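Below is one structure, written out as structure tokens, with a few remarks after it.
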């Protein structure tokens, strides 16, 4: 019982550019798109290892966001168990689907576009918004308009749209908040069934889940209250941060 | 649906000493004990407000732990809903109890004392240990030897024991890690039933839960992987940190 478990997994560092000063928000669009395509290719490749249940892609930028290398990079971790937070999100999405027979993320997109108080940016393929119950100041979600549970199924045209919206909002965050540290995390579906173990684990995932990217600027510190409760104190209303980000005049080349 | 919720709650700052330089690990025992008794009295007093389900006591020490005031203080927050992390812990403890008809924390104490690889300090009433699956380097739990679900039921004699063990381990942490920032959080039972709403919510809590204190030195940064998965990467084995803390020669007056 007290022995160490043997581990299996993959951890990859995706070096985004040979240029040490490169950054998402300042990059030509095609370079960002290449990074996104690298995410896609690595996720697909690692799917070949049947021991992996999930691959998480994330980016830690700046010391306060936990970056331990200064050179521009993203990371990817494949794990053999379903992560707890992923499970919670999938479960909640499924419960909503069972109740309403609609995808909760599609409903959020429709409502937010109609209300238009928390939409920071949009283009033909993507919407960037401040979540209604944002845990952190200036937290952002980026979602594809077209329902899809799996990041790797993004069309070529959509990759341009995603590069465009990511550069746009990261530029706004950088300008408004003086180049803050941030994390972003890709939330996509686990590797498709059948996998060994539980073939019916997420039977309706194609309909009930909707991939998205979470961006969290690191402005506040998680402390005793957050660790003790799992609740978050956010001193900035999402409507207020949306206003700030939306009203910014930003200059983007190309 | 998009209106703000009205809030109800309490947030109190417990000023621990008039001395700006005061710190748990350097204090005479009776002063620490008075702080612990203040926790107890405030939790009991706030129980009078039937809208509150739970009171969390915590301490953020140092900038990296989220302390926004330099003067020595603890904090207390009473909330009208059960915190998610508390619920998860209570639920896991209950499941173990249903399975084994024993308290999981009592079992951990027995096993850890027998194995004696992760016990950092102990006295007549309390045990301080590094959790088997510590999320953070040098994370510590302090548990009463005598089974009890509710911090406020601690006997007068036990308050001396708790003050003693807390000072001991916080002194070890301070010495070993060069005065690091840390958080500690009290995990105690929610306010007793009957409360309005769900009278049978935690029917067996007296038997299945065991209050304790979690101490987390802030040495690593929570980043994309942790936010994305809810899993934690801990570069220090708990057996190794235990060894370091246990082997320290510390000098305590009184």
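Here are a few things to note about the model shown:
- Scope segment B:198-215; condition surrounded by 22 or more Cβ atoms within 10 Å (Cβ to Cβ) and either away from chain A (no Cβ under 14 Å) or at pLDDT below 95 (or both); matching residues: B:208, B:209, B:210
- For segment A:80-96, the candidate set comprises residues that are closer than 25 Å to residue A:159 by Cα and more than 9 Å from chain B (Cβ to nearest Cβ); within that set, the residue that is nearest to the chain's Cα centre (by Cα) is A:89.
- Out of A:65, A:38, one residue alone is in contact (Cβ under 8 Å) with a residue 12 or more places away in the chain and farther than 27 Å from residue A:8 by Cβ. It is A:65.
- If the condition is being closer than 14 Å to residue B:229 by Cβ and more than 10 Å from chain B (Cβ to nearest Cβ), then segment A:55-74 contributes only A:55.
- Here residue B:190 fits the description: within 14 Å of chain A (Cβ to nearest Cβ), touching a strand residue (DSSP E or B) at 6+ places or on another chain (Cβ under 9 Å) and part of a loop (DSSP other than H, G, I, E, B).
- Of the candidates A:108, A:77, A:142, the single residue that is within 12 Å of another protein chain (Cβ to nearest Cβ) and part of a strand (DSSP E or B) is A:77.
- Hey, residue B:129 touching a residue at least 12 places away in the same chain (Cβ under 8 Å), buried (at least 22 other Cβ atoms within 10 Å of the Cβ), touching a strand residue (DSSP E or B) at 6+ places or on another chain (Cβ under 8 Å) and within 25 Å of residue B:191 (Cα to Cα) or not: no
- Of the criteria (1) in contact with a helix residue (DSSP H, G or I) (Cβ under 8 Å, 6 or more places away or on another chain); (2) without any contact (Cβ under 8 Å) to a residue 40 or more places away in the chain; (3) surrounded by fewer than 16 Cβ atoms within 10 Å (Cβ to Cβ), which one residue A:95 fails: (1)
- Filter result for the condition that a residue is farther than 23 Å from residue A:107 by Cβ, within 13 Å of another protein chain (Cβ to nearest Cβ) and in contact with a strand residue (DSSP E or B) (Cβ under 7 Å, 6 or more places away or on another chain), over A:168, A:183: A:183
- Summed over segment B:11-48, the residues that are under 18 Å from residue B:83 (Cα atoms) and touching a strand residue (DSSP E or B) at 6+ places or on another chain (Cβ under 7 Å) give a count of 4.
- Residue list for segment A:145-156, restricted to those being modelled with pLDDT of 95 or more, in a helix (DSSP H, G or I) and more than 14 Å from the chain's Cα centre (by Cα): A:153
- Counted residues, segment B:216-233 - those being within 7 Å of chain A (Cβ to nearest Cβ) and either over 13 Å from residue A:58 (Cα atoms) or assigned to a loop (DSSP other than H, G, I, E, B) (or both): 6
- With respect to the conditions (1) surrounded by 18 or more Cβ atoms within 10 Å (Cβ to Cβ); (2) modelled with pLDDT of 95 or more; (3) farther than 24 Å from residue A:237 by Cα, residue A:168 lacks only one, and its number is (3).
- Scope segment A:125-139; condition over 18 Å from residue A:218 (Cβ atoms), in contact with a helix residue (DSSP H, G or I) (Cβ under 6 Å, 6 or more places away or on another chain) and part of a loop (DSSP other than H, G, I, E, B); matching residues: A:125
The values are calculated or read from the model by the stated rules, or taken from the named source; none is laboratory data. All figures in this text were calculated on a predicted structure; none of them were measured in a lab. Positions of Cβ are backbone-derived with ideal geometry, glycine not excepted, and every protein chain shown enters the neighbour counts.
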